[in-house]
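Notes to accompany the following structure.
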Amino acid sequence: MQSRVVVGCQWGDEGKGKIVDLLADDADLIVRFQGGANAGHTVIIKGEKFILNLLPSGILREGKKCVIASGVVVDPRKLLDEISELKQHGISASGRLFVSGKSHIVFPYHKFMDQYLEKARGKGSLGTTKRGIGPAYTDRVARAGIRMYDILDENYFKDRLNEALKIKRIGIPDADAIEELSVEFNFQFINNIVDSIREYITDTSQLILGSLSNKESVLFEGAQGSLLDIDNGTYPFTTSSSTFLGGLFVGCGIAPFIPDESIGIVKAYTTRVGAGPFPTELSDVTGDKLRENGAEFGAATGRPRRCGWLDFPILHYTSELNGVNALAITKLDVLSGLDRIKVCTGYRYRNTILERFPDNSLILKDCQPIYEEYPGWKESLEKVKEYEELPENARYYLDAIEERLKVKIRYISIGADRSQTIRKY
Ligand code: GDP
Ligand code: IMO
Ligand code: MG
């Protein structure tokens with residue numbers, strides 16, 4: 001398979017990291033194309049846990065080339081910390097990690113602004129990861145950002161930093177007393193890392209295009225979920241980047257094409273971190289049980305995730321949005337032990353029934369889910385190796401997903417470890 005993309009079909013944390021790690025075995029190049037350290041992708045290999053915020057999950061596969069493309073906003077300190085953490089496990093990024101010179105840098109002032117704005121929003125806060133993502137993308141669009149290439153020229157960088165902070169400080173009381181808003185602090189932040197990061201900075205568009213034209217296998221690793229997409233998600237309760245398939249081409253700086261495989265990652269139930277509407281959310285013991293069984297605590301921030309049933313209007317919408325032609329269903333094991341499993345097949349909105357996910361996300365908060373029930377199963381799935389070994393009711397549930405979405409399930413994940421995956425075809 002020459003080009004594959006992995007996209008999250010819900011609100012993130014679907015298990016993309018685990019599936020990317022699996023598929024990276026067959027890939028030559030693994031590419032992150034948007035988002036930043038707001039992502040937390042977990043890979044567990046023989047009991048050893050890795051959480052990747054910026055590095056593509058393919059980095060765990062020896063010798064694989066990995067790209068952080070221009071659509072990613074990069075906190076360079078975080079990136080270097082991740083690199084050195086892997087080094088302690090005997091994994092080197094040197095010579096096989098490539099960071100776009102055009103990628104924008106997340107500075108301490110972006111993280112400060114993220115916290116400052118969240119606090120100012122008060123009750124209307126978005127529940128961001130406070131990793132500076134929104135402010136960094138805002139600066140990119142406002143043409144006030146600083147890119148990786150820019151820090152390689154000290155004088156130019158100083159000028160850009162002065163300009164950026166001059167604007168940033170406007171309207172902030174006591175700005176002079178805030179370290180993160182000082183030129184010196186941010187200059188030193190870069191000064192401390194520039195020599196370590198220099199070796200990774202390059203033209204990644206050319207690299208990706210070169211791989212594709214050499215018929216190498218390229219795996220694109222989506223971050224966040226489609227419902228967090230800045231345009232197509234549940235705005236304003238979204239992130240600040242284009243998380244869906246369309247963001248890939250902008251984020252890599254390459255001409256659009258239809259990937260051979262667009263793999264939609266679907267958690268067997270739904271979760272969400274942060275604020276915003278969530279029709280199938282369970283604020284009861286079943287929700288607590290899903291959180292407990294699924295260890296639903298954020299990989300990036302440790303926050304408890306909100307949990308609820310699977311939602312088909314969402315999945316119809318996001319599989320269409322991403323041209324999904326294969327599914328990976330994750331965390332099926334978490335549903336073991338439930339007597340009944342509900343799925344949402346539509347919404348009741350005022351006096352009408354909606355079968356489709358509403359285009360106007362204002363409507364979503366007043367949508368009541370309409371449920372269908374499926375019988376549960378008691379057996380643990382931990383040791384299952386083949387599809388046929390799954391309990392009958394688990395297969396019935398999976399068949400229902402395939403049938404409703406009209407997309408084939410290719411992978412079924414039944415545990416967090418790399419080995420706990422069933423390949424259906
Ligand atoms: P991502 O952001 O989409 O990569 O997902 P996260 O890593 O943030 O969250 C997924 C969580 O579920 C992680 O803790 C994974 O280790 C875990 N996980 C992934 N697949 C499975 C699975 O099939 N079963 C169970 N029980 N856990 C899984
Ligand atoms: P992965 O790649 C889940 C959510 C935040 C918040 C909103 C805005 O691990 O699936 P931001 O910091 O981006 O401005 O926060 O988006 N969010 C995620 N939720 N998984 C993620 O990434 C997320 N990245 C951002 O919780 O609600
Ligand atoms: Mg995550």
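Which whole-number percentage describes the relative contact order of the chain, with Cα contacts under 8 Å and a sequence gap of 6 or more?
Values: 919 pairs, mean separation 86.8, N = 425.
Across the chain, relative contact order equals 20 percent.
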**Study point:** Model label zone, Lys408; criterion: amide N under 16 Å from point 7 Å along Cα-to-beta-carbon; scope the stretch 318-337
**Key:** 324-329
Review point. What residues qualify as long-range amide H neighbours of Gly346, i.e. H under 5 Å apart, gap of 5 or more or another chain, H built at 1.01 Å from N?
Key: Ile370
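What does the extension gain come out to for Tyr149 and Ile91, with contour length at 0.36 nm per residue minus their alpha carbon separation?
Using 0.36 nm per residue and subtracting the Cα-Cα distance, I get 18.3 nm.
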Study note, to complete from the structure: At q = 0.11, 0.12, 0.21, 0.24 Å⁻¹, the log10 of I(q)/I(0) for the stretch 258-329 from a Debye sum over equal Cα scatterers comes to -0.32, -0.38, -0.95, -1.09
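Where does the longest stretch of the chain lie that holds no trypsin sites (Lys or Arg not before Pro) found in a DSSP loop with 10 or fewer other Cβ atoms within 10 Å?
Numbers: sites that count: Lys46, Arg143, Lys215, Arg350, Lys378, Lys383, Lys406.
By the stated rule (loop sites, at most 10 other Cβ atoms within 10 Å), 216-349.
In whole percent, how big is the carbon plus sulfur part of the accessible area of the stretch 104-198, probe 1.4 Å, protein atoms only? Don't skip to the end; give the middle numbers.
Working: 2560 of 5180 Å².
That fraction is 49 percent.
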Review point. Check Trp11: other-chain or 5+ apart residues with amide H under 5 Å from its amide H, H built from backbone geometry?
Key: Thr271
Review point. With point charges of +1 on the Cβ of Lys and Arg and -1 on the Cβ of Asp and Glu, referenced to the Cα centre of the chain, which listed residue (Leu354, Phe220, Gly323) lies farthest in the positive direction of the dipole?
Key: Leu354
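Which GluC sites (Glu not before Pro) in the stretch 372-425 sit in a loop by DSSP (not H, G, I, E or B) and have at most 13 other Cβ atoms within 10 Å of their own Cβ? Kindly include the intermediate steps, with their values, before the conclusion.
Details: sites: Glu372, Glu373, Glu379, Glu382, Glu386, Glu388, Glu389, Glu392, Glu402, Glu403; in loops: Glu379, Glu382, Glu386.
Within the stretch 372-425, the qualifying GluC sites (Glu not before Pro) (loop, at most 13 other Cβ atoms within 10 Å) are Glu382, Glu386.
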**Study point:** Farthest toward positive dipole pole in the stretch 152-278 [+1 Lys/Arg, -1 Asp/Glu at C-beta], among Thr204, Thr271, Gln188
**Key:** Thr271
Practice item. May I ask you to evaluate 6.51 cos²θ - 1.76 cosθ + 1.60, the Karplus curve with θ = phi - 60°, for each residue of the stretch 218-229 and list the ³J(HN,Hα) values in order in whole Hz, giving x for glycine and proline? Key: 10, 10, 9, 9, x, 10, 6, x, 4, 7, 9, 4
Exercise for review: May I ask you to compute the full-extension gain from Arg169 to Gln206, defined as 0.36 nm times their residue separation minus their alpha-carbon distance, rounded to one decimal in nm?
Suggested key: 9.6 nm
Practice item. Can you grab the distance from the C-alpha centre of the stretch 71-100 to the C-alpha centre of the stretch 12-51, Å, no decimals? Key: 14 Å
Practice item. Have a look at His110, Gly90, Cys66 and report the one farthest towards the positive end of the charge dipole of the chain, computed about the Cα centre with Cβ charges (Lys/Arg +1, Asp/Glu -1). Key: His110
Check your understanding: What percent do you get for the relative contact order of the stretch 104-198 when only Cα pairs under 8 Å and 6+ apart count?
Key -> 29 percent
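Placing unit charges on C-beta atoms (Lys and Arg positive, Asp and Glu negative, everything else neutral), compute the dipole magnitude of the stretch 240-352 about its Cα centre in debye, rounded to 20.
Values: 12 positive and 11 negative charges, 79 e Å.
In debye, rounded to 20, the stretch 240-352 gives about 380.
Provide the per residue accessible area, probe 1.4 Å, for the chain, rounded to a whole number of square angstrom.
On the way: 18170 Å² over 425 residues.
That works out to 43 Å² for each residue.
For the stretch 104-198, report the % of Cα-Cα distances exceeding 18 Å.
Values: 1994 of 4465 pairs.
Of all Cα-Cα pairs in the stretch 104-198, 45 percent lie more than 18 Å apart.
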Point to revise | Computed magnitude of the charge dipole of the stretch 120-243 (debye, nearest 20; Cβ of K, R +1, Cβ of D, E -1) | key: 480 debye
Check your understanding: Taking the Cα centre of the chain as the origin, how large is its charge dipole in debye, to the nearest 20, when only Lys and Arg (+1) and Asp and Glu (-1) carry charge on their Cβ atoms?
Key -> 340 debye
Practice item. For the stretch 114-260, calculate the relative contact order in percent as a whole number, restricting contacts to Cα pairs under 8 Å that are 6 or more residues apart. Key: 17 percent
Point to revise | the stretch 61-152: GluC sites (Glu not before Pro) in DSSP loop, at most 10 other beta carbons within 10 Å | key: Glu62
Point to revise | Square roots of 5 times each gyration tensor eigenvalue, C-alpha, the chain, largest first, Å | key: 36, 26, 19
Review point. Taking amide hydrogens as modeled 1.01 Å from N in the peptide plane, which residues meet the under 5 Å criterion relative to Val99, leaving out close sequence neighbours?
Key: Ile68, Ile201, Thr202
Check your understanding: Going by alpha carbons, how many degrees (0 to 90, nearest 10) lie between the helix axis of 204-213 and the longest principal axis of the chain?
Key -> 50 degrees
Revision key, fill the gap. The rounded separation in angstrom of the Cα centers of the stretch 210-224 and the stretch 348-425 is 28 Å
Review point. Which value at 222 nm does the chain reach when only helices count, each DSSP H run of 4 or more adding -39,500 (n - 2.57), with the total divided by all residues and rounded to the nearest 500 deg cm²/dmol?
Key: -9000 deg cm²/dmol
Review point. Say the cut-off is 25 Å between C-alpha atoms; which of Lys46/Lys267; Lys267/Lys408; Lys102/Lys168; Lys123/Lys365; Lys87/Lys119; Lys16/Lys168 go over it?
Key: Lys87/Lys119; Lys16/Lys168
Revision key, fill the gap. With x for Gly and Pro, the residue-by-residue ³J(HN,Hα) of the stretch 142-157, computed from phi through the Karplus equation 6.51 cos²θ - 1.76 cosθ + 1.60 at θ = phi - 60° and given in whole Hz, is 7, 6, 10, x, 10, 9, 3, 4, 5, 7, 7, 10, 4, 5, 4, 4
**Study point:** Gain upon complete extension [Glu261, Arg348; 0.36 nm per residue less C-alpha separation]
**Key:** 27.9 nm
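The values are calculated or read from the model by the stated rules, or taken from the named source; none is laboratory data. Quantities reported herein were computed from a predicted structural model and do not represent experimental measurements. All Cβ positions, glycine included, derive from the backbone under ideal geometry; neighbour counts span all protein chains shown. Ligands, DNA and RNA are excluded from the accessible area calculation, which covers all protein heavy atoms including side chains. Shrake-Rupley method; radii C 1.70, N 1.55, O 1.52, S 1.80 Å.
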